[in-house]
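Enquirer: Have a look at the structure that comes next, please.
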Amino acid sequence: MSKISAMNKRATQTLAENISKQVEHFSKKEVECLIREFNVLMAEQNNSGRAVHGLDRGKFISTLHSIFGLTDDRMTGRVFRTFDKDNDSVVSMKEWIEGLSVFLRGTLDEKIKYCFTVYDLNGDNAISREEMLHMLKGRLIRQPNEEDPDEGIKDLVEIILKKMDYDHDGKLSFEDFEKAVKDENLLLEAFGTCLPDFRVICNENLLSSLNFPIKNSQSYSLLFLFF
């Protein structure tokens with residue numbers, strides 16, 4: 001190993017140790033892997049002429065597509081905004097690791113808060129009828145005799161409000177959303193997929209792309225990594 005490589009390795013280990021003390025759910029070794037992957041993604045981004053200090057929207061969303069199976073552009077843009085906590089239009093290394101800790105291994109409470117933030121499009125701490133219509137538009141199959149293509153979506157929104165709007169104010173507060181999801185976990189992603197699709201990522205390509213150590217091919221599983 002060259003002197004420079006050894007220095008880089010030590011620097012990564014020190015950085016990983018510091019971050020792992022601040023971030024839940026990942027060990028120091030796993031944080032090291034995520035740092036290396038972040039640096040690979042940054043190198044790919046900068047080689048394309050986008051020299052910035054974090055993952056920009058385009059690179060971040062393409063990573064959601066290729067690695068985590070998220071393909072709904074309405075949702076991936078909101079996931080980017082949720083990871084980008086300081087609103088500087090890039091996802092820093094620390095934001096990347098902090099976001100993945102919830103995205104991949106978060107508790108139900110953490111994921112409820114995360115999904116609510118994704119769905120609260122204007123950041124007013126509520127999910128309005130208009131926001132629901134926007135997120136659900138195009139998700140239902142149009143019926144042959146249906147004059148208004150949005151009529152089915154409007155009906156669906158009213159059904160959702162009837163089930164989830166506990167204080168009957170015509171919108172979903174965080175408390176409404178939290179109670180509904182805890183009563184029925186399937187409502188966590190009621191307005192669109194914003195968490196990884198484990199049917200897509202439970203394969204050797206993801207571990208390889210994230211540089212996670214694999215004990216052996218027979219025991220390979222993402223379950224022990226991401227739950």
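Enquirer: Summing +1 for each Lys or Arg and -1 for each Asp or Glu, what net charge is found among the other residues whose Cβ lies under 14 Å from the Cβ of Ala16?
Expert: Neighbourhood net charge equals +2.
Enquirer: Which aspartates and glutamates have a Cα less than 12 Å from the Cα of Lys154, not counting those fewer than 8 places away in the same chain?
Expert: Excluding near neighbours in sequence, the set is Glu130, Glu131.
Enquirer: Quick one: which of Lys29/Lys59; Lys59/Lys137; Lys85/Lys163; Lys111/Lys163; Lys59/Lys171 span more than 22 angstrom between C-alpha atoms? Spell out each step's value before the answer.
Expert: Values: Lys29/Lys59 25 Å; Lys59/Lys137 26 Å; Lys85/Lys163 31 Å; Lys111/Lys163 20 Å; Lys59/Lys171 34 Å.
Beyond 22 Å: Lys29/Lys59; Lys59/Lys137; Lys85/Lys163; Lys59/Lys171.
All of the numbers you see were taken from the coordinates with simple rules; none came from a lab. Since the structure is predicted, the reported quantities are computational estimates derived from the model, not experimental observations. Ideal geometry is used to build each Cβ from the backbone, glycine not excepted, and the neighbour counts take in all protein chains shown.
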